[in-house]
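The values are calculated or read from the model by the stated rules, or taken from the named source; none is laboratory data. Please read these numbers as outputs of a predicted model, since none were measured by experiment. Don't worry about glycine lacking a Cβ; one is built from the backbone with ideal geometry, like all the others, and counts go over all protein chains shown. To get the accessible areas, we keep the full protein, side chains included, count just its heavy atoms, and leave off ligands, DNA and RNA. Shrake-Rupley method; radii C 1.70, N 1.55, O 1.52, S 1.80 Å.
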Amino acid sequence: MAKDTHVTAPTRFVEARGIRYAYRRFGAETGTPLVFLQHFRGGLDNWDPLVTDLLAQERSVILFNNAGVASSSGETPNTIDAMCDQVAAFVNALGLPQVDVLGFSIGGYVAQSFVLHH
């Protein structure tokens, strides 16, 4: 059976603190999971499958929509620190004790805040 890829992984949902987060998880089942943090107005479909699938060869890749973005519920946080707190709630809801983060544009700011605070 073939493993899921960026294109074939089903969209799943997890709830944390009253927000229903949409995400896709695919790739290797070993290594520290890598959570992708999107750019301004971007969602889980805005990543390049060539990049995500390549990284998924060695680890689990998690794409998600933060609060208020696309298919996730809630309101979009209005500060970087509030966005990082939403990332922490999402990661905790998945029961992951440790993750790596990769952010692009505003996602890079969120990644830094997440690392500093969580």
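Looking at (1) modelled with pLDDT of 95 or more; (2) aliphatic (A, V, I, L, M); (3) open to solvent by 60 Å² or more (accessible area, probe 1.4 Å), which is the one condition that is false for V110?
Tallying (1) modelled with pLDDT of 95 or more; (2) aliphatic (A, V, I, L, M); (3) open to solvent by 60 Å² or more (accessible area, probe 1.4 Å), V110 fails exactly one: (3).
Between a residue in region 88-100 that is open to solvent by less than 40 Å² (accessible area, probe 1.4 Å) and any residue that is of a type in the set (V, I, T) and in a helix (DSSP H, G or I), which pairs come within a Cβ distance under 6 Å, given they are 6 or more apart or on different chains?
V99/V91
For residues in region 36-54 being open to solvent by less than 60 Å² (accessible area, probe 1.4 Å) and in a helix (DSSP H, G or I), which is nearest to F114 (Cα to Cα)?
The qualifying residue nearest to F114 (Cα to Cα) is L44.
Cβ-Cβ distance below 8 Å, separation of 6 or more or different chains: which pairs start in region 43-54 with a residue that is farther than 17 Å from T76 by Cα and end on one that is open to solvent by 70 Å² or more (accessible area, probe 1.4 Å) and not small (G, A, S)?
Close Cβ pairs satisfying both conditions: P49/V7.
For region 1-35: of the residues being closer than 16 Å to N92 by Cβ and aromatic (F, W, Y), which is least open to solvent (accessible area, probe 1.4 Å)?
Taking the candidates together, the pick is Y21.
Out of region 80-103, which residues are touching a Leu at 6+ places or on another chain (Cβ under 7 Å) and either on the phi > 0 side of the Ramachandran plot or not hydrophobic (A, V, I, L, M, F, W, C) (or both)?
Residues satisfying the conditions are D100, G103.
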